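The values are calculated or read from the model by the stated rules, or taken from the named source; none is laboratory data. Source: prediction; values computed, not measured. Every residue, glycine among them, receives a Cβ derived from its backbone with ideal geometry; neighbour counts consider all protein chains shown. When the accessible area is computed, the model is the full protein with side chains, heavy atoms only, and any ligands, DNA or RNA have been set aside. Shrake-Rupley method; radii C 1.70, N 1.55, O 1.52, S 1.80 Å.
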Amino acid sequence: MIIPEYEAKMLLRGYGLNIPQGVVAHEPGQAFQAAAGLGGPVVVKALIPAGGRGKAGGVRLCPTPEDARQAAAALLGQPLLGHTVEKVLVEQAFPIQREMYAGVVTNTASAGIDLVVSLNGGVEIEQLAHQDGSAILHMEVEPGAQIPAYRLRAWLAPAAPAGLDVDALAHTLVSLHQAAADLDAMLLEINPLAVTPHGLAVLDCKLEVDDNGLMRQPELAPLYAASLSERERRARALGVSYVPLDGDIAVITSGAGLGMATLDLLKRRGLSAANFLDTGGGISEGMLKSALELIMEPPGVRGAIINLYGGINRMLEAAKGIVAALEHIPGGRPVVVKIIGNQQEEAWAMLEQTGGVHVIRGVQTEAAVEKLAELVG
Ligand code: GDP
Ligand code: MN
């Protein structure tokens, strides 16, 4: 899950990081009020889940509250980088003396959380890496370790330009590393980390946390819930995983591996998935009914494939769920079912008597995909 900038900055404040005061505004009048309250110049930033806002005109320096009002009026409700701007962040503007980059990234090879730093920011970090790899400092940190500030000072000193407060930078990096570790971050990027008259400041941040760690991050639960679509929320209540995609074939499988294989086989046959729902274990009539209703909902879905490797799950229950769902689902769209497992014969017999359902009696997913391809044309 990507934590939105404003909320991420709130979390980082808890680590003593220096972050300008900011207020979220939903309309130009609120931006005016916020700027007046903060006093002095502000930046008005479009709050959208995308980077590169500065270049696209989504970050505006506003000397007066009236400028903030106008900037908010220009941004709110407008499209920017594929999103509609629904809110802006009105934040104290700190004069920038030097832009730097600090990243905390998981190292999948070592299982540690590494530091990546560039003392010369103001450029895209990817571009800089391309042009001059030596401008980027990379420190591998042992898994589970905290980095002592002295080690960072020694690491930074040879690269630091005259006048840079290496001690402050080292302490900032310690805090960022700690925050990333505590929050189960997969990525924490500060760009720019700026030298300002108010000290070293976090002016922008990108924080992505590992959803698999959410059970030990109770304070992130409301943010996670808010990040889900209505369908994802219902899937969660059902105890299944649901992934929306952009094709037009709805997919249910019992297991993520079987799911990915099914998506690949659909692709190979020129079809593409509208979504993918993984039942996991514990298949029941009610679960399958709700699951099938859910995956058929998105507009444009032309048909469905249900690919269950049931094992000891009772597949007759699954079949009953499919039949029950199809009583409600607007008809005409084919549903191809490939079910293997306990009670498979009973399940096949029931489904073969159900209109719109096509049963594949076999283990080959290819056969089910082929059947569906013929039916949807
Ligand atoms: P991004 O383009 O989406 O990454 O958005 P940023 O928040 O990084 O803002 C883009 C640029 O706006 C930054 O690289 C800075 O140059 C500038 N900027 C952001 N905040 C401030 C600020 O408080 N003061 C000043 N002077 N410039 C800022
Ligand atoms: Mn940025």
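For the stretch 82-98, does any single residue satisfy the condition of being in a loop (DSSP other than H, G, I, E, B), within 16 Å of ligand 2 (Cβ to nearest atom) and of a type in the set (Phe, Trp, Tyr)? Yes, some residue in the stretch 82-98 is in a loop (DSSP other than H, G, I, E, B), within 16 Å of ligand 2 (Cβ to nearest atom) and of a type in the set (Phe, Trp, Tyr). Quick check on my filter: what residues within the stretch 132-156 are surrounded by 12 or more Cβ atoms within 10 Å (Cβ to Cβ) and part of a helix (DSSP H, G or I)? Those that are surrounded by 12 or more Cβ atoms within 10 Å (Cβ to Cβ) and part of a helix (DSSP H, G or I): ALA135, ALA149, ARG151, LEU152, ARG153, ALA154, TRP155, LEU156.
For the stretch 9-23, a residue qualifies if it is within 24 Å of the chain's Cα centre (by Cα) and not hydrophobic (A, V, I, L, M, F, W, C), and the qualifying residues are LYS9, ARG13, GLY14, TYR15, GLY22. The residues listed here are GLY259, GLY321, GLY286; of these, the one that is closer than 23 Å to ASN212 by Cα, free of Cβ contacts under 8 Å to residues at least 60 places away in the same chain and assigned to a helix (DSSP H, G or I) is GLY259.
Contact annotation: residue pairs with Cβ atoms under 8 Å, 6 or more positions apart or on different chains, pairing a residue in the stretch 51-78 that is under 17 Å from TYR6 (Cβ atoms) and modelled with pLDDT of 95 or more with a partner that is polar (S, T, N, Q) and not in a strand (DSSP E or B), are ALA72/GLN30. Report yes if some residue within the stretch 33-42 is open to solvent by less than 70 Å² (accessible area, probe 1.4 Å) and near ligand 1 (Cβ under 10 Å from one of its atoms); otherwise report no. Checking the stretch 33-42: at least one residue is open to solvent by less than 70 Å² (accessible area, probe 1.4 Å) and near ligand 1 (Cβ under 10 Å from one of its atoms). Where strands (runs of 3 or more DSSP E) fall wholly inside the stretch 159-248, the ranges with 3 or more residues that are within 16 Å of ligand 2 (Cβ to nearest atom) are 185-196, 199-202, 205-209. Only a single criterion out of (1) more than 16 Å from ligand 1 (Cβ to nearest atom); (2) touching a residue at least 24 places away in the same chain (Cβ under 8 Å) is not satisfied by GLY199, namely (1). Inside the stretch 212-229, residues that are within 16 Å of the chain's Cα centre (by Cα) and open to solvent by 70 Å² or more (accessible area, probe 1.4 Å) make up a count of 3.
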